Amino acid sequence: MSTIVIGGGIVGNSLTGWLAELGVDDLIQIDKGPFPNPGGSTGHASNFIFPVDHSKEMTQLTLESMRQYRDAGTLHECGGIEVARTEERMEELRRRMASAKSWGIDGCRLVTPAEIRELVPYVNEEILLGGFYCPSVAVVDSLRFGTVMRERAQAKGAQILANTEVTAIDVEDGRVRRVRTTRGDFDADTVVIACGVWSPRLARMAGASIPLTPAVHQMIDVGPVPRFLTSKTAVDHPIVRDMDTNMYERQDGQGLEVGSYAHRPILHEPDDIPSIEEAALTPTELPFTQEDFELQLEHALELVPEILGDESVGIKYAINGLLSLTPDGLPILGETPEVKGLWSAAAVWVKEGPGVGKSVAEWMVHGEPEIDLQSSDVARFYPEQRTPEHVAARASEGFNKTYGIVHPAEQWESNRGVRVSPFHVRETELGAVFYEAAAWERPHWYASNALLVEEYGVKPRTHEWEARWWSPIINAEHLAMRERAAMFDLTAFCVFDVVGPNALDAVQQVAARQMNVPNGRVVYTPVLAPRGGFKSDLTIMRMEDDRFRVVTGGAHGMADMKWFRDHCPDGTRIEDHTSSVCTVGLWGPRARDILASVTGTDVSNEAFPFATWQELDNGVIASRISYVGDLGWELYTPMERGLELWDALWEAGRPHGVVPAGIGVYGTTGRLEKAYRAFGFELDQDYDVVEADMAWWKVKDEDFVGKAAHVAARERDPVATLCTLTMEGNERFPLGREPVVRADGSPITDAKGRRSYVTSAGMGPSLGKYLLMAYLPPDARDDLHVQYMERLYPVTVEVVGSRAPFDPDNERIRS
Amino acid sequence: MIVCFVEGDELSAQAVGFARALGPVRAVTFAGAYQPAAWAAALAAQEAEAIVAAGSDRGNELLAHVAAVLDQPFAANVVALDGDTVMRVRWGGSLLEEARLHGAPKLLTVAPHTQPAVETGEVEVLDAPDDGSPKALERVEESSGGVSLRDAKVVVSGGRGVGSAEGFGVIEELAGLLGGAVGCSRVVTSAGWRPHTDQVGQTGTKISADLYIACGISGATQHIAGAKGAKKILAINSDPEAPILASADYAVIGDLHEVVPAISAELRRVRG
Amino acid sequence: MRILVCVKRVPITGGKMVLAADGQALETKHLGFTISPHEECAVEEAVRIGGEVVVLALGPAEAEEQLRDQMAIGADRGILLRTNGEEWDAQSTAAAIVDALRAEEPFDLILFGNESADAAGFQVGIRVAHALGLPVVTGLKKIEVQEGRVRCERDVGGARDVYEAPLPAVLTVLEGLNLPRYPSVPGRLRAKSKPLAVVEPVRPEQRLEKLRLVVPEGQGKQAEILEGATQVVAVMQSLGVA
């Protein structure tokens, strides 16, 4: 049986090379076009790489890619500057400095307009306030690199088929079996779709979906530029990203290339891309639409008047180049949840292509990539996030954010209100401010609680960036919860059952903790990757002997569901209850009183202890756990009875002063006070359970994924431990991802080469302190600072490990 | 009666052949310096059901003048006529148009190399008094350095795949060995790598070689329009799906920068 | 000098001609548009000669793009004879141009491409010349404007015939007359605000009435694949060219 890579762009080539390298036999790569440029987006890519990104995952992929390009002799370091025309952008560049240090990209510095002029002598520095200079910015030869990788694969026996179009992908019993092409059929048990803008079409052939859309990126090439006529290299000067106008200007031999992400979003249908024969250039170099570029020309002229104002310099090439956009702006990688053996490696840019190739190859061969690809996992999408309407709306909205200033909490505006809980009508009446999670609308705070701000004396934030997407009401809701009780809408949870005679074996395989517990128990457990890092963390209720209910966060729920399904033996299945069950969280000292008044079931501590669940007499399933550190329950009921439950709790709660509270409390203030970790922030594949200080349970005898690595981790001293830090003053509020540094500003790196950075940050209202979490090596516990907006703020290690700063003995939740 | 303008060349003989199928033909021509408006006025004055000429530079020009004088429609480069329905060439031959020609007399030219040539027979020389309109005053011979593209027996041509002006070295070498001319595609002239006089295509030169060697030319319709007059086409291209292959008799799949020098070397070898 | 250049909006075709469903036109949803190559040289020549350069097109509203392109090269203003997108035959095109010129001061030179890239009727310039009573010379590769006259050259095989005409005159040109420039960015920006007059002529009965378009058969040859230089030379020998 063959492994087939469909696609010969940067991703397909890298992947083929790496699969061969990792020993995959009987490997075939197919493209419908000719090599080296089969006509996809790689062929017209502008081929420059700015390594610094706010996302750790994307930065790691980019750095790995740059290493590979360099090793193949296809990288030319020219430096690059992101320039600012506005003060708001300067602030963003200061945050860029923080990300550079957090992810280990050294040598970056902020530069003055005069320095920019010195580095790039044709720039009009008078319109600039400054810039972010990154000396390791490079241009690469992505076609040449692709050839190197293909040749590497061929040398190891891979078969490379150009000009071969896939006509069908056969699936039998949920597994990929065969690829049919214009040059014959190939049996295959593993097929990767690395087809860029055509990927959705290929996925559809197999009954799967890759939710991306082809979209236009406009680009012009002007020349010949007099000052470049004597250039020794293709790029003599740093590449300039004119961030505020969503454009870039780079030298390309004797020409200057000007590209834009500023124009209106222009989306295409994958089925509507011309064939190679029909296209005047290549299928992804579509006719330029001048009217969309008018404003951009003016902007570019302002920045590089010496070149673009020169009447002798002509516009020689102009295209609407197609690239791939996804609903959340991230790549789409991994095995499709619909079809076993069918993988996606799509929506990848030249800057991360080789890294993606290596990572996906590792994932396919070893079951886990070295770089954590959780944000890019194809399994992350809910059906609601795969619809053409959603993809088009988010791709359109996201396009102009390519160079945008995107707040970490920024919300999407388009295609909202897709999934709403039964409580939505009440929440709206209470003035809920909705944030989105997994396409659900979730209240983040409630305007109805505005009066509590004064009552609890919560101060506003004075800096706009920190006050953006935030409200003092969050802290007030938190304090009301700690004093009285609060109701949370947690319907966005992903809820599914593992059912069948071997259900216990399945959950034992996936869950690190012992799952052979009595019915009625609730277990919070890490889910480990093979190498011992975090794949997820979630709670599992044992419902019956052969039925386990998994409750996990909405954002990562679909990927978790696939991971469980992948470990289900024959006869055991997954039942998804996400859209049939709604959830109210009820926590606070008065929670028991409130719950007791809506049910006849005994909810006393003795009758209903912590970490257990019961079905109440009203049919509600109540699970006594807490992510906010207070007495209370998660209450599950069928969607159609949700409003009834909400109203009953609300009425019962009024005498007790119950408040509605949003995810601002649930996800940040409540959990941080309790040092609860969050997946995707503190917990990822880069850190193990011991480093997260979550190994307070005994290792079970039964096997589970990641066990060997986990046991080994327990036997050594961690080289870094997750700590809770406090920041004095309560004047500035970093929002996360900032580097934790020493007094001289130097970065802190642990013995595994990982930088210390703020994984989460938020107020601890009950403590009156601003809390940060960070992994710190043993020698970095004193005299620490957070680098924020290019200033150092002293921070104190409050707790090493997972002991809670608030209610450290957990009296509240166990009361 | 069909009046057919002839110039005593191959294309005229083809036009006469076409005209004969329509009815009795009077083949006519003119003496003296070429003066299109004056000649056309004389043609327009002839009694005829149709006035026909070859789809040559002069044929098309004369018929356009006749059409203007008579204010009648004119169909250029016709390949077939059935009643008043013509099939004519568009896009340099990449497309045909079926159209109804409503005029009388019918004015048309015959698309080159689409009809067999016939014996022209007797040719009547018409009188066309000088009306003062522009005419060919003198002929300047081009100081051509080599074989002309139009008449060369072999044309070796390069396209985008050649990559640069310098890249044409291998093309020139092969053309030299074969005693042929160097050609190129429109991309190449636009890039300034070769002069327009080397351009083969719809808007360049239409060649009539025994062998046309297209190196690194994808085969846009605009190019094929100029190359299809060749008896045989050999394409050298790294892309086996390049459109040029649909017009080629022979193909070598490979990088022209390797294939072309190898052919030159082989030619030298067989010649000793 | 006042120079008028008449241009036509035509698609930029790829390797394969694909017809629209109704067979009346090329399928252009994937194609960009330009003007005929000969006309690009005509505009370039006009700009080089200097004076006021006016570009005129008969075509759909979108043909404004092509007129703006020419204004970016250096034309001063445009005239669009706006159609509903239906094709006009050469006779009615010429008549519409002549009509439009009644509203204009006389031009010293009126330039055309020798034939359009798509319809290739070889006649619009000549028809306009006759209607205006102007001398016309066609197929030009060289133009020299002299005092009140124009001297021009036309390829005939390996030689060139020389013509002269008094101004005003109509000239039709061929690609190769010059190497047209690319638009500069300032040129592009200036073009946005240059004047464009729009006229809506009435389409008369077509006397060369297009019925349908046909993609000729027999384009799909099966090329014989040769391996290596030896085979190539053998073929050359069999053709008698080696």
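Every number in this text was worked out from the coordinates using simple rules, so none of it is lab data. These numbers were taken from a predicted model, which means no experiment stands behind them. Cβ sites come from the backbone with ideal geometry, for glycine too, and all protein chains shown count toward neighbours.
Dimensions of the range B:1-51 along the principal axes, based on C-alpha atoms and rounded to the nearest Å, stand at 30, 25, 12, largest first. Evaluated at q = 0.27, 0.30, 0.31 Å⁻¹, a Debye calculation over the C-alpha positions of the range A:693-746 (equal weights, vacuum) places log10 I(q)/I(0) at -1.25, -1.39, -1.42. In percent, rounded to a whole number, the relative contact order of chain A is 12, using alpha-carbon pairs under 8 Å and six or more apart.
Per residue, the convex hull spanned by the alpha carbons of the range C:2-238 comes to 181 Å³. Its alpha carbons considered, the range C:32-114 gives a radius of gyration followed by a Dmax of 12.4, 34 Å.
Defining a contact as two alpha carbons under 8 Å apart and six or more residues distant in sequence, what relative contact order in percent does chain B show? Show your work: numbers first, answer last.
Numbers: 593 pairs, mean separation 40.8, N = 272.
Worked out over chain B, it gives 15 percent.
Ordering A:Phe35, A:Gly619, A:Phe145 by the projection of their Cα atoms onto the charge dipole of chain A, which places +1 on the Cβ of Lys and Arg and -1 on the Cβ of Asp and Glu, puts A:Gly619 at the extreme positive end. Within a Cβ distance under 15 Å of C:Gly14, other residues only, what is the Lys/Arg minus Asp/Glu net charge? In short, -3. The label-point distance for A:Arg70 and C:Ser238, in a model that sets each label 7 Å from Cα toward Cβ, rounds to 5.5 nm.
If you average 1/r over every pair of different alpha-carbon atoms in the range B:218-272 and take one over that average, what Kirkwood value in Å do you get?
12.2 Å
Pairs of Cα atoms nearer than 8 Å and 6+ residues apart set the relative contact order; for the range A:2-325 it is 22 percent. For the range A:2-325, taking Cα atoms only, Rg and Dmax work out to 21.1, 65 Å respectively.
Kindly give Rg over Rh for the protein assembly as shown, based on alpha-carbon atoms, with the Kirkwood expression for the hydrodynamic radius. Over the Cα atoms of the protein assembly as shown, Rg/Rh equals 1.06. Most simply put, the range A:1-148 has about 75% antiparallel DSSP beta bridges, counting only bridges with both residues inside it. Calculated from the alpha-carbon coordinates, the range B:138-267 shows an Rg and a Dmax of 13.4, 48 Å respectively. Secondary structure note: in the protein assembly as shown, about 65% of the DSSP beta bridges are antiparallel. What separates the Cα centres of the range B:1-63 and the range A:562-636 is a distance of 97 Å.
For the range B:186-255, with only Lys/Arg (+1) and Asp/Glu (-1) charged at the beta-carbon, what is the dipole magnitude about the Cα centre, in debye rounded to 20? Before the final figure, lay out each step's value.
Values: 6 positive and 6 negative charges, 63 e Å.
The calculation lands at about 300 debye.
Each residue of the range C:26-43 is assigned a 3J(HN,Hα), and the resulting list reads 6, 6, 10, 5, 9, 9, x, 10, 8, 10, 4, x, 4, 5, 4, 5, 5, 5 Hz, derived from the Karplus form 6.51 cos²θ - 1.76 cosθ + 1.60 (θ = phi - 60°), x at Gly and Pro.
If the viscosity is 1.306 mPa s and the temperature 10 °C, what translational diffusion coefficient in µm²/s does Stokes-Einstein give for the range B:2-126 when Rh comes from Kirkwood over Cα pairs? Walk me through the numbers on the way to the answer.
On the way: Rh = 14.0 Å.
D, rounded to a whole number, is 113 µm²/s.
Comparing C:Gly176, A:Gly745, A:Ser448 along the charge dipole axis of the protein assembly as shown, the residue lying farthest to the positive side is A:Gly745, per the Cβ-charge model.
Using the beta-carbon distance between A:Glu455 and A:Glu651 and R0 = 22 Å, what value does 1/(1 + (r/R0)^6) give for FRET efficiency, to the nearest 0.05? Write out the running numbers ahead of the final one.
Working: r = 22 Å, r/R0 = 1.01.
It comes to 0.50.
Computed on chain B, the Cα convex hull volume stands at 149 Å³ per residue.
Let's test the formula: R0 of 60 Å, r as the Cβ-Cβ distance of A:Arg714 and A:Glu464. What FRET efficiency results, to the nearest 0.05? The partial results should precede the final answer.
Working: r = 46 Å, r/R0 = 0.76.
Result of the calculation: an efficiency of 0.85.
Cross-link partners of A:Lys769 among lysines, defined as those whose alpha carbon lies under 29 angstrom from its own and excluding same-chain residues fewer than eight positions apart: A:Lys56, A:Lys101, A:Lys459, A:Lys674.
Rounding to the nearest 20 debye, state how big the charge dipole of the protein assembly as shown is about its Cα centre with +1 on each Lys and Arg Cβ and -1 on each Asp and Glu Cβ. The partial results should precede the final answer.
Working: 128 positive and 188 negative charges, 231 e Å.
It works out to roughly 1100 debye.
The percentage of C-alpha pairs in the range A:344-409 whose separation is greater than 15 Å is 65%.
Taken along its three principal axes, the alpha carbon spread of the range C:73-200 comes to 42, 36, 31 Å, from the longest extent down to the shortest.
Can you tell me the alpha carbon radius of gyration of the range A:481-636 divided by the globular rule-of-thumb value 2.2 N^0.38 Å?
The reported ratio for this selection is 1.04.
Only one residue of A:Leu330, A:Ala395, A:Ala361 has its Cα farthest out toward the positive end of the dipole of the range A:279-410, where Lys and Arg carry +1 and Asp and Glu -1 on Cβ, and that residue is A:Ala361. Here the range B:2-126 carries DSSP beta bridges of which approximately 35% are antiparallel, counting only pairs with both residues inside. Can you give me the Cα centroid spacing of the range A:289-353 and the range B:179-246 in angstrom? So the two Cα centres are separated by 33 Å.
Taking each pair of different alpha-carbon atoms in the range A:37-96 once, compute 1/r for the pair, average those values, and report the inverse of that mean as the Kirkwood hydrodynamic radius in Å to one decimal. If you can, show how the numbers build up before the last one.
On the way: mean 1/r = 0.0727 Å⁻¹.
In the range A:37-96 this quantity evaluates to 13.8 Å.
Placing pseudo-labels 7 Å out from each Cα toward the beta carbon at B:Met1 and A:Glu728 gives an inter-label distance of 11.6 nm. Candidate cross-link partners of C:Lys194 among the lysines, defined by an alpha-carbon separation under 21 Å and a same-chain spacing of 8 or more, comprise C:Lys8. Start at zero, step by 10 Å, and the Cα-Cα distances of the range A:187-279 spread as 14, 28, 26, 22, 9, 1 percent across the bins. Only aspartates and glutamates eight or more places from C:Lys192 in sequence, or on another chain, were considered; those with a Cα closer than 12 Å are A:Glu291, A:Glu294, A:Glu298, C:Glu64, C:Glu65, C:Asp69, C:Asp76.
Quick one: which of B:Lys232/C:Lys210; A:Lys32/C:Lys221; A:Lys232/C:Lys142; C:Lys141/C:Lys210 span more than 29 angstrom between C-alpha atoms? Correct reply: B:Lys232/C:Lys210; A:Lys232/C:Lys142; C:Lys141/C:Lys210.
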